[in-house]
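Heads up: the structure comes next, in structure tokens.
The numbers here are math on the coordinates, done by the rules we state, and not lab data. Computed from a prediction, not measured in an experiment: that's the story for all the values here. As a convention, Cβ positions derive from the backbone with ideal geometry for all residues, glycine included, and neighbour counts pool all protein chains shown.
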């Protein structure tokens with residue numbers, strides 16, 4: 001009889017353990033897939049074709065255009081949910097691309113009031129709130145993308161002017177040496193795409209191969225060490241002028257438009273480079289195109305943009321996406337912490 005009671009106790013403990021494990025697994029899957037969007041404080045001024053960069057726990061909105069290109073810089077502090085003005089960029093411009101290396105923000109290319117595409121590079125130090133000029137990029141371009149790997153920045157694609165042509169050019173910038181060098185060209189030249197660095201590789205996503213379209217879902221991986229390109233699984237939704245956030249080595253593709261000067265999208269899709277698979281996620285509350293996005297403490301911040309094409313209304317809207325607290329690992333056996341930011345600087 002005693003042996004039977006001991007057996008029943010062990011059996012109940014085993015059943016309880018299985019139930020707890022199942023509950024944790026279910027909860028972690030739900031949190032990771034669902035997440036939550038929240039409204040945050042608006043930007044201080046409206047702007048179109050601006051860029052963003054995150055450094056030292058802050059997000060910086062840089063440049064852009066109203067009637068003409070502007071030099072305005074403002075910083076967002078996620079902890080206090082407040083925006084503050086910062087020192088203007090030396091060159092008023094729009095259509096730039098931004099990358100962050102070793103805590104410094106590099107603003108590259110774009111256009112000015114008088115020039116349709118420039119090669120200007122300016123470095124911003126968030127600690128001292130100061131700017132300095134750096135070596136020019138070799139190729140004049142706008143609507144291109146940059147990503148940083150191992151302390152170097154890669155400028156990819158774009159267009160030479162608003163009328164084209166679309167560029168295949170890839171150029172590497174070494175901030176420590178203040179030098180540029182040419183790299184292997186893109187297999188499928190595009191503008192209006194986005195680029196994300198994960199585990200030493202760069203993923204170039206979406207965009208358009210011609211100034212007037214079509215819009216594509218193409219994804220290509222660039223290996224800076226081998227200087228080679230590899231085709232990857234297409235994004236689920238073809239789009240251009242989208243934004244990205246990287247959390248836990250997965251790429252969140254956010255917003256954009258399915259047609260040149262088309263309606264903004266609320267669509268969010270996740271790309272896992274390890275499995276080369278895309279999965280849908282919950283939509284952003286505000287559909288938009290030409291938005292910015294950055295990640296701080298495992299949360300994605302979608303910033304500004306417009307509802308459709310080039311207007312009419314330029315949005316001040318900021319929305320925060322918390323991807324969730326737990327997820328199941330690749331084998332589906334154990335819940336693991338979720339929200340680590342991948343950095344390649």
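Of note:
- Percent RCO, i.e. relative contact order, over the range 71-113, from Cα pairs under 8 Å lying at least 6 residues apart: 31 percent
- Label zone at residue 38, where the point sits 7 Å out along the Cα-to-Cβ direction: the range 44-85 residues whose backbone N lies under 13 Å: 78-82
- Summarised in one figure, the compactness ratio Rg/Rh of the range 58-153, Cα atoms and Kirkwood Rh, is 0.96.
- Here the mean projected area of the convex hull built on the C-alpha positions of the range 107-201 is 6.8 nm².
- Least to most buried among 284, 58, 235 (fewest other Cβ within 10 Å first): 58, 235, 284
- Global form of the range 2-337, assessed from the alpha-carbon gyration tensor, a/c cut-off 1.5: prolate
- Between residue 226 and residue 115, the modelled labels are 3.7 nm apart [label points 7 Å from Cα along Cα→Cβ].
- Using a simple spin-label model with pseudo-atoms 7 Å out from Cα toward Cβ, residue 136 and residue 184 lie 3.0 nm apart.
- Between residue 150 and residue 272, the contour length at 0.36 nm per residue exceeds the Cα-Cα span by 41.9 nm.
- A Förster radius of 30 Å combined with the Cβ-Cβ distance from residue 234 to residue 261 puts the calculated FRET efficiency at roughly 0.85.
- Exposure proxy order (Cβ contacts within 10 Å, fewest to most) of 47, 190, 250: 250, 47, 190
- Among 221, 249, the ranking by other beta carbons within 10 Å of each residue's beta carbon, starting with the fewest, stands as 249, 221.
- You can think of it this way: the chain between residue 177 and residue 316 has 46.3 nm of extra reach, that is 0.36 nm per residue less the Cα-Cα gap.
- Label-point separation, residue 129 to residue 210 (7 Å along Cα→Cβ), nm: 4.9 nm
- Under the criterion of Cα pairs below 8 Å and six or more residues apart, the relative contact order for the range 2-337 equals 15 percent.
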